[in-house]
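Working notes, beginning with the structure itself.
The values are calculated or read from the model by the stated rules, or taken from the named source; none is laboratory data. This is a predicted model, so every value here is computed, not measured. Glycine gets a Cβ as well: all are built from the backbone with ideal geometry, and neighbour counts include every protein chain shown.
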């Protein structure tokens, strides 16, 4: 099975997923990455993230894939891939959730001609699936993202405290998080807050293993792979209702608060910190089970199932 992924930039979790797929019997995988894309994976070194993969920064020339997975419609390389290889099955990948915004609503008509290049859409979860159906895709698969959940299954002693992993940006609600933490401390809270903005995958895994709970205060978060990582690490999760992944990975293992509400976020932090350790551990175990669906092995299974469905061939 000859599979091509066309992706804007690199991230550690996708590198892990692609390696799992490439290792499957009968799979010939190539990855084309636009290294000019600054939004995705800016803190990572592409050579390290993509080690062991057949990849490049241009679309392959003397090679024709059987299935193409290409991201959205904003990136030039992805747009080129959508229009190349006539007759090849192509899947549009994106993470934008459904929202009543003029630009998103209008895309149904503005992008109609372009989207005809694809036979379906692969999205992270329920919110993006709703948007994919609005755009007119007849076939919609969920599970676009995966991560090496085994890396986060640490079992050592916890040092305590809250953990945030991500950019210190307004859309991530870093200002709301800091205000909420200040309120938590003013009310007598004693846990520390660890903010991790740039670290290697192994370093991040260590931070997950040391924390007691994970907090994500995003104002905008189409999905949020960090929630799957935190769930895999067995951490109770506090996140906002703008984090798309809560629909899939935050159930009995966490608390959802309204985005931008520092008071509600602070109260949730206080509630988790006051729980008995046994209750937090129980919440964490429920999260571990939810996270398994987003491990690299499960991700590769999904991609191969889609490829098999579209081509009628065995993918492994």
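Table for the structure above
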{"read-out": "Among the candidates 154, 179, residue that is surrounded by fewer than 20 Cβ atoms within 10 Å (Cβ to Cβ) and closer than 12 Å to residue 269 by Cβ", "value": "179"}
{"read-out": "Residue check, residue 165 outside the structural domain of residue 300 (by TED's automatic domain parsing), closer than 15 Å to residue 231 by Cβ and either touching a residue at least 60 places away in the same chain (Cβ under 8 Å) or buried (at least 20 other Cβ atoms within 10 Å of the Cβ) (or both)", "value": "yes"}
{"read-out": "Residue ID - nearest to the chain's Cα centre (by Cα), chosen from residues in region 95-124 that are within 30 Å of residue 234 (Cβ to Cβ) and part of a strand (DSSP E or B)", "value": "123"}
{"read-out": "Subset of region 111-133 (residues that are over 28 Å from residue 231 (Cβ atoms) and in contact with a helix residue (DSSP H, G or I) (Cβ under 9 Å, 6 or more places away or on another chain))", "value": "111, 112, 114, 115, 117, 118, 119"}
{"read-out": "Residue within region 151-159 that is under 19 Å from the mean Cα position of the chain (by Cα), outside any loop (DSSP other than H, G, I, E, B) and either more than 25 Å from residue 9 (Cα to Cα) or modelled with pLDDT of 95 or more (or both) present", "value": "no"}
{"read-out": "Complete set of residues in region 160-170 that are within 16 Å of the chain's Cα centre (by Cα) and either within 15 Å of residue 201 (Cβ to Cβ) or assigned to a helix (DSSP H, G or I) (or both)", "value": "165, 166"}
{"read-out": "Yes/no for residue 265 being farther than 27 Å from residue 94 by Cα, crowded, with 18+ Cβ neighbours inside 10 Å and touching a helix residue (DSSP H, G or I) at 6+ places or on another chain (Cβ under 8 Å)", "value": "yes"}
{"read-out": "Filter result (under 15 Å from residue 154 (Cβ atoms), touching a helix residue (DSSP H, G or I) at 6+ places or on another chain (Cβ under 9 Å) and surrounded by 16 or more Cβ atoms within 10 Å (Cβ to Cβ)) within region 197-217", "value": "201, 204, 205, 208, 209, 211, 212, 213, 214"}
{"read-out": "Any chance residue 299 is under 21 Å from residue 165 (Cβ atoms), in the same structural domain as residue 20 (by TED's automatic domain parsing) and in contact with a helix residue (DSSP H, G or I) (Cβ under 9 Å, 6 or more places away or on another chain)", "value": "yes"}
{"read-out": "Positions within region 125-141 being buried (at least 20 other Cβ atoms within 10 Å of the Cβ) and not in a helix (DSSP H, G or I), in sequence order", "value": "125, 137"}
{"read-out": "Enumeration of residues in region 43-59 that are more than 18 Å from residue 21 (Cα to Cα), touching a residue at least 24 places away in the same chain (Cβ under 8 Å) and outside any helix (DSSP H, G or I)", "value": "43, 44, 57, 58, 59"}
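Let's see how each residue does on (1) at pLDDT below 95; (2) under 22 Å from the mean Cα position of the chain (by Cα); (3) in the same structural domain as residue 111 (by TED's automatic domain parsing); (4) not in a helix (DSSP H, G or I):
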| residue | (1), (2), (3), (4) |
| --- | --- |
| 31 | no, yes, yes, yes |
| 37 | yes, yes, yes, yes |
| 61 | yes, no, yes, yes |
| 64 | no, no, yes, yes |
| 70 | no, yes, yes, yes |
| 74 | yes, yes, yes, yes |
| 80 | no, no, yes, no |
